[in-house]
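Chemist: Sharing a structure below in structure tokens format, with a few things to ask.
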Amino acid sequence: MRIDLKKSGPVLVFFLFLAFLYANGFSRTEQSSDFSDYYEASRNFKQGKDLYSLDALSEVVQEFESGKLKIDQIFDPEVFFRIKAKVENVGSYIYPPTFAFLLIPISGLPFEVASGIFFTINFIALILSLLLIGKLIGREKSFLFLSAVLLLSLRFVENHQNNNQVGFLLLFLILVSVSAQKDWLSGLVLSLAIVIKITPAAFLFYFLYKKRPMVIVYTIIFALGWIALPALYNPEFTWKMNQTWYDLVLDKYLKSPALRAWKNNQSLNSTLAKYFLAYSDLLNQGRFGMPFTTLTVNHVKIISGILSLGIVGPYLYRVYKGASEGFVLSGLFFFSVIFSGISWIHAFVFLLFPTAFALSKLWPEQGEPLLVWEKWKVKLIEYRSATIFISVSILVLLLNRSFIGNIAEEAILMFSFLLYTSLIQYVCTFYSDRIA
């Protein structure tokens, strides 16, 4: 039996690429990762223990207040490392209680098994997300195209896998939400994404744009349901943990942009905090001459507000004047990363969709030979902005420690280069979208 490589070749490349990524990522699931925090929080939920480890901080405070521990004992090696171990766990889990509750079915398993299951669920979500992106972009079953999109986003994908994060699942829920025809289904899956992490709430705008207000109503109703769901297990504890999450994470972020504004955090607010608030990243700011100047929290928030309006304003105007769905969704994916309180490197997997949107402008139409330079040259010139977008993606792929070394990578991360590359790509989407 003869195999038609022209037809089956792209499919084979796509799934071999995925198989390599899965094997590479799965081999790390026994290591400590972000899933370690999810796993511990879920186990704590079952036991009625503080998910955010504030009780550990209270224990340290009580030791000082009771006189059991003296200030001059802090730097005794035994005391110092005991306190350090307790305090480092405070706020390591920053998601709402519902997420910890939903993980209970696997958190009773040994860590290595639970970590492998969670990784596999997320990896399946990545595959389904790529297929949905192909459908939304109009490149359905274009497996070579999807492989190229995956390759261009490889740095974010690998970082996500190494941290065994939840981003692939969030991406999948968002894409299902915008793809679903039934309002209640869109609301159900989008509300789950929002309850896990607030940033997918940006996609409520998409349904406003599509004139589907019932999706917004369903999202609110189901979100309340998701929040209340753990109360079926332990009502009083659920209420207490929801309040703790609000006080520890959401309220603190609203009051100050310095919430976890560390080197790897590439969001807009984190960048401003690193630049202008002296206490944002005590470990790294001094190494790189930061803060450049010291401002008050209110001044930083004003600067953030002005910059946010400058970024969002043109997008809203373009949508009002007329834009493609690809442009509308790409902008929301950018906003989910730029305006998030915490945007680690793996959070940028959300740029899979905008990358596909830009690449689709340069990709040969069905039936055209792939590597015909004359045809590609025309597209590269015609869609200069898309060419710049893809060039920036390649640059980001190369600017990692494997090529430039640890010190150089730390420096560019401290200056939030992913924020700037994302803003450049965001601007490119305006010129890539020809509907006006």
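Chemist: For a Förster distance of 56 Å, can you work out the FRET efficiency between the beta-carbons of Ser402 and Glu236, rounded to the nearest 0.05?
Modeler: Plugging the Cβ-Cβ distance into 1/(1 + (r/R0)^6) gives 0.65.
Chemist: Separate question: So which of Lys135/Lys263; Lys49/Lys252; Lys210/Lys252; Lys197/Lys263; Lys197/Lys240 end up more than 26 Å apart, counting from Cα to Cα? If you can, show how the numbers build up before the last one.
Modeler: Values: Lys135/Lys263 36 Å; Lys49/Lys252 22 Å; Lys210/Lys252 34 Å; Lys197/Lys263 21 Å; Lys197/Lys240 19 Å.
In this structure, Lys135/Lys263; Lys210/Lys252 exceed 26 Å between Cα atoms.
Chemist: Could I ask something else about it? In the range 253-306, what percent of the accessible surface is made up of carbon and sulfur (1.4 Å probe, ligands and nucleic acids excluded)?
Modeler: Here carbon and sulfur together make up 66 percent of the probe-accessible area.
Chemist: In whole angstrom, note down how far apart the Cα centers of the range 188-236 and the range 241-302 are.
Modeler: After rounding, the separation between the Cα centres reads 27 Å.
Chemist: Report the label-to-label distance for Ala19 and Ile104 in nanometres (one decimal), using points 7 Å from each Cα along the Cα→Cβ vector.
Modeler: 4.0 nm
Chemist: If you don't mind, another one. Could you give the accessible area per residue of the range 111-255, probe 1.4 Å, as a whole number in Å²?
Modeler: 44 Å²
Chemist: Continuing with this model, one more query. So what is the diffusion coefficient of the range 259-353 in µm² per second by Stokes-Einstein at 37 °C and 0.692 mPa s, using a Kirkwood Rh over Cα pairs?
Modeler: Values: Rh = 14.5 Å.
Approximately 227 µm²/s, per Stokes-Einstein.
Chemist: Need one value: the accessible area of Ile124 in square angstrom, 1.4 angstrom probe, rounded to the nearest 10.
Modeler: Per-residue accessible area (Ile124): approximately 90 Å².
Chemist: Mean separation of Cα pairs under 8 Å and 6+ residues apart, divided by the residue count of the range 169-253: what relative contact order is that in percent?
Modeler: For the range 169-253, the relative contact order is 26 percent.
Chemist: Here's a follow-up. Assuming R0 = 60 Å, what is the FRET efficiency of Glu112 and Tyr320, from their Cβ-Cβ distance, to the nearest 0.05? Before the final figure, lay out the partial values.
Modeler: Details: r = 52 Å, r/R0 = 0.86.
Efficiency computed from Cβ-Cβ geometry: 0.70.
Chemist: While we're looking at this one, here's another question. Using a Förster radius of 30 Å, what is the FRET efficiency between Leu151 and Phe292 based on their Cβ-Cβ separation? Nearest 0.05, please.
Modeler: Plugging the Cβ-Cβ distance into 1/(1 + (r/R0)^6) gives 0.25.
Chemist: With a sphere of radius 15 Å drawn around the Cβ of Asn265, what net charge do the other residues whose Cβ falls strictly inside it have (Lys, Arg +1; Asp, Glu -1)? Could you put the intermediate results ahead of the total?
Modeler: Details: positive: Lys197, Lys252, Arg260, Lys263, Lys274; negative: Asp34, Asp281, Glu409, Glu410.
Every neighbour counted, the sum reads +1.
Chemist: Looking at the square roots a ≥ b ≥ c of the eigenvalues of the Cα gyration tensor of the range 111-255, which shape do they give, rounded for a/c under 1.5, prolate if a/b is larger than b/c, or oblate?
Modeler: Note, shape of the range 111-255 comes out oblate.
Chemist: When the accessible area of the range 80-214 is computed with all protein chains present and a 1.4 Å probe, what percentage of it is carbon and sulfur? Could you put the intermediate results ahead of the total?
Modeler: On the way: 3570 of 5190 Å².
Its accessible area is 69 percent carbon and sulfur atoms.
Chemist: Let me ask another. Loop-only check: which trypsin sites (Lys or Arg not before Pro) in the range 189-248 are DSSP coil with at most 13 other Cβ within 10 angstrom?
Modeler: Lys210, Lys211
Chemist: Among 226-236, 132-142, 332-342, 352-362, how do they line up from the highest to the lowest mean number of other beta-carbon atoms within 10 Å?
Modeler: Put in order of decreasing packing, that is 352-362, 332-342, 132-142, 226-236.
Chemist: Just reorder Glu30, Glu365 by solvent-accessible area, largest first, 1.4 Å probe, all chains present.
Modeler: Highest to lowest solvent-accessible surface, that is Glu30, Glu365.
Chemist: Once fully extended, how much extra length lies between Leu229 and Lys211, figured as 0.36 nm per residue of separation less the alpha-carbon to alpha-carbon distance?
Modeler: Extra length available between Leu229 and Lys211 comes to 3.5 nm.
The values are calculated or read from the model by the stated rules, or taken from the named source; none is laboratory data. Here the structure is a predicted model, which means the values were calculated and not measured. Reconstructed Cβ throughout: ideal geometry from the backbone, glycine too, with neighbour counts over all protein chains shown. Only protein heavy atoms, including side chains, enter the accessible area calculation; ligands, DNA and RNA are left aside. Shrake-Rupley method; radii C 1.70, N 1.55, O 1.52, S 1.80 Å.
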